[in-house]
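**Student:** My questions will all concern the structure given below.
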Ligand SMILES: [Mn+2]
């Protein structure tokens with residue numbers, strides 16, 4: 001299925017009365033801000049969709065299919081194309097190897113180009129053994145005490161980079177499940193030493209214009225220790241690798257109540273925030289729809305991201321990706337909701353009165369500091385998103401358009417009800 005420009009135009013024409021920014025414009029002018037510049041920033045914000053997000057997710061207890069799932073990488077790109085046609089915010093894909101190895105590179109590039117999709121960071125997988133694997137990752141991969149497993153994992157990452165080069169990707173994300181579930185199971189120092197050594201080898205084999213993103217996570221699948229457990233460990237390893245190695249922050253990879261916005265600020269000040277994975281959670285790595293549980297927290301994080309993007313020019317523009325699991329909802333609807341939540345938080349952060357905040361901070365006026373942040377958070381910025389969409393050719397209300405175009409029904413007609421997408 002494909003959504004045409006005419007369909008979007010007709011939809012917007014019927015729904016155009018639903019945005020009004022006069023009040024917001026006056027407010028922004030009083031802060032010396034230009035609304036058109038803010039709308040342009042919203043248009044420019046592009047988030048990668050991972051190739052594993054288009055099918056039903058699941059938990060270790062069960063996986064419940066819904067119809068019309070993509071059964072090939074080609075169909076996954078078509079699904080991202082549908083989201084991008086509706087939102088104009090999903091102009092990139094993040095591929096997972098080996099779940100989505102392209103068989104015909106040129107054909108995959110053509111479909112991506114046709115749908116306006118770029119190839120963002122490549123993702124390697126050393127957290128599960130593939131059929132016919134020569135070595136096992138059961139007791140670790142890059143950290144493994146077993147040299148053959150370690151080398152096998154390093155080789156896999158180099159292979160992922162080679163595939164990415166052919167597609168036009170410029171970065172590799174490494175997330176490791178490596179760790180231990182029981183005290184004494186591994187030697188912490190040897191595990192960390194091996195991880196650093198393996199990452200350096202991968203880094204040394206990347207092209208000069210590639211970046212390495214090192215993701216961290218405190219627990220799961222191992223429940224006693226994870227070798228790259230926190231931002232500090234990731235930061236240390238990135239520094240050991242070199243200038244083009246960075247930390248990647250995944251919102252779900254923190255212990256409850258961690259101050260993620262402060263981590264963002266620290267990393268950006270040091271020029272080491274390379275990638276960012278969006279999701280939301282109540283308890284742990286829940287992988288829920290972005291902004292579904294803690295939208296104020298998301299805003300506070302964006303407040304630091306916006307400040308960092310303005311102040312820390314030595315920090316590269318971060319690679320944004322949604323990293324969620326869709327167990328209950330139609331994944332395409334879930335991703336559209338996530339994109340909406342991301343842009344709302346971004347727009348709210350863009351309208352923070354930073355000059356007034358700086359003055360209030362200098363005066364130690366804590367009350368005013370809070371008022372300034374919450375004033376931005378409590379402003380309805382959805383009109384800005386709608387204005388951005390009209391300008392960029394997206395649907396003014398992507399979710400409503402998705403439903404009115406009967407996208408899922410069309411996909412079920414095309415693909416059937418029984419297909420299962422590759423992934424976890
Ligand atoms: Mn992630």
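**Student:** Keeping to the stretch 380-400, report how many residues are surrounded by 18 or more Cβ atoms within 10 Å (Cβ to Cβ) and assigned to a loop (DSSP other than H, G, I, E, B).
**Tutor:** 5
**Student:** If you don't mind, there's one more thing I want to ask. Got a sec? Which of 336, 263, 372, 344 is in a helix (DSSP H, G or I), within 16 Å of the ligand (Cβ to nearest atom) and either in contact (Cβ under 8 Å) with a residue 60 or more places away in the chain or buried (at least 18 other Cβ atoms within 10 Å of the Cβ) (or both)?
**Tutor:** Testing whether each residue is in a helix (DSSP H, G or I), within 16 Å of the ligand (Cβ to nearest atom) and either in contact (Cβ under 8 Å) with a residue 60 or more places away in the chain or buried (at least 18 other Cβ atoms within 10 Å of the Cβ) (or both) leaves just 263.
**Student:** Might you let me know whether the stretch 52-74 holds any residue that is at pLDDT 95 or above and touching a strand residue (DSSP E or B) at 6+ places or on another chain (Cβ under 7 Å)?
**Tutor:** no
**Student:** With (1) farther than 25 Å from residue 220 by Cα; (2) not in a helix (DSSP H, G or I) as the list, and residue 182 as the residue in question, which single condition is left unmet?
**Tutor:** Status for residue 182: all satisfied but (1).
**Student:** Moving to a separate point now. Given the residues 204, 274, which is the only one that is touching a strand residue (DSSP E or B) at 6+ places or on another chain (Cβ under 8 Å) and either exposed (fewer than 14 other Cβ atoms within 10 Å of the Cβ) or touching a residue at least 12 places away in the same chain (Cβ under 8 Å) (or both)?
**Tutor:** Criteria check complete, one pass: 274.
**Student:** Please specify each residue of the stretch 277-286 satisfying the condition of being surrounded by fewer than 22 Cβ atoms within 10 Å (Cβ to Cβ) and either closer than 15 Å to residue 320 by Cα or within 9 Å of the ligand (Cβ to nearest atom) (or both).
**Tutor:** 280, 285
**Student:** Which count do you get for residues in the stretch 287-298 that are away from the ligand (no atom under 13 Å from the Cβ) and touching a residue at least 24 places away in the same chain (Cβ under 8 Å)?
**Tutor:** 8
**Student:** Tell me, which residue of the stretch 222-237 that is within 16 Å of the ligand (Cβ to nearest atom) and not in a loop (DSSP other than H, G, I, E, B) is surrounded by the fewest Cβ atoms within 10 Å (Cβ to Cβ)?
**Tutor:** That would be 233.
**Student:** Something else about it: Hey, can you tell me all the residues within the stretch 110-124 that are surrounded by fewer than 17 Cβ atoms within 10 Å (Cβ to Cβ) and either farther than 18 Å from residue 275 by Cβ or out of contact with any helix residue (DSSP H, G or I) (no Cβ under 9 Å at 6 or more places or on another chain) (or both)?
**Tutor:** Result: 110, 113, 114, 116.
**Student:** If you don't mind, there's one more thing I want to ask. Does residue 248 satisfy the condition of being touching a residue at least 12 places away in the same chain (Cβ under 8 Å), crowded, with 22+ Cβ neighbours inside 10 Å and within 14 Å of the ligand (Cβ to nearest atom)?
**Tutor:** yes
**Student:** Then there is this: Looking at (1) more than 16 Å from the ligand (Cβ to nearest atom); (2) closer than 15 Å to residue 316 by Cα; (3) touching a residue at least 24 places away in the same chain (Cβ under 8 Å), which one does residue 243 not meet, given that it meets all the others?
**Tutor:** (3)
**Student:** Let me ask you something else. Answer with yes or no whether residue 305 is in a helix (DSSP H, G or I), within 16 Å of the ligand (Cβ to nearest atom) and within 21 Å of residue 46 (Cβ to Cβ).
**Tutor:** For residue 305, the condition - in a helix (DSSP H, G or I), within 16 Å of the ligand (Cβ to nearest atom) and within 21 Å of residue 46 (Cβ to Cβ) - is not met.
**Student:** Still on this structure, please answer the following. Return the residue satisfying two criteria in turn: it lies in the stretch 314-329 and is assigned to a loop (DSSP other than H, G, I, E, B) and within 15 Å of the ligand (Cβ to nearest atom), and of such residues it is farthest from residue 50 (Cα to Cα).
**Tutor:** 318
**Student:** Another question, then. Only residues in the stretch 308-324 that are surrounded by fewer than 17 Cβ atoms within 10 Å (Cβ to Cβ) count as the first member; pair them with residues that are modelled with pLDDT of 95 or more and not in a strand (DSSP E or B), Cβ under 6 angstrom, at least 6 apart or cross-chain, and list the lot.
**Tutor:** Within 6 Å, the pairs are 314/271.
The values are calculated or read from the model by the stated rules, or taken from the named source; none is laboratory data. Fair warning: this is a prediction, and the values are worked out from it, not measured in the lab. Methodologically, a virtual Cβ is constructed for each residue, glycine included, from the backbone with ideal geometry; neighbour enumeration extends over all protein chains shown.
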